[in-house]
Amino acid sequence: MAHSQETRERVRQLYIEGMPLNGAAITCGVSYDTAREWKRLAKAKGDDWDTARAAYRISDQGLDDLNKQLVEDFARQVITTTRELEEAQIAAADKASLLAQLADAYAKFSKSFSRINPHFSGLSVALDTLKTIADHLRVHDPAALKALQPHFETVGATLGKRYGA
């Protein structure tokens with residue numbers, strides 16, 4: 001089914017204004033695959049929706065708000081992934097390994113982000129410490145890591161309040 005140019009532009013607008021691509025697609029009555037293809041084709045023609053989205057955020061919210069949004073977005077992804085891992089039907093050792101990888105990704109994000117946002121460096125150190133603990137438990141006591149897993153979200157939130165900007 002062919003969609004109008006207006007529909008395509010509306011999906012782009014909603015995405016640039018901050019709606020997830022799947023949400024913009026649903027709102028406009030198109031499939032996610034169609035919206036993703038439009039985004040890909042636009043980029044090939046020089047219209048990078050992600051760049052436009054970042055520019056919109058900066059112009060609309062300012063750099064400090066953008067930084068906070070980036071941290072919140074990444075943290076939300078970490079929390080969602082952690083919840084999915086909790087419910088996943090995989091071996092405990094595999095869960096522990098995936099959680100350690102997730103903690104590593106979060107620590108790397110934190111370290112990189114702290115370079116451009118000094119207020120974030122305390123949180124970076126705290127999260128790196130949490131990653132070190134998770135890595136140690138993964139190797140030496142996987143059962144303890146499994147016991148710690150349900151607490152990652154609340155510990156992360158506590159660290160964010162204590163060390164966040």
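Quick notes on this structure:
- Rg and Dmax over the alpha-carbon atoms of region 5-53 stand at 9.4, 25 Å.
- Cross-link pairs beyond the 18 Å C-alpha cut-off, checked among K95/K161; K68/K111; K68/K161: K95/K161
- Once the C-beta distance of K45 and D73 is scaled by a Förster radius of 35 Å, the resulting FRET efficiency is 0.85 to the nearest 0.05.
- Using the Cβ of K39 as centre and a radius below 15 Å, the other residues enclosed give a net charge of +1, where K and R count +1 and D and E count -1.
Read-outs throughout are calculated quantities, based only on the coordinates presented, and are distinct from any laboratory measurement. Bear in mind that the values here come from a model prediction, so they are computed numbers and not experimental data. Quick reminder, even Gly has a Cβ in these numbers, built from the backbone with ideal geometry, and neighbours come from all protein chains shown.
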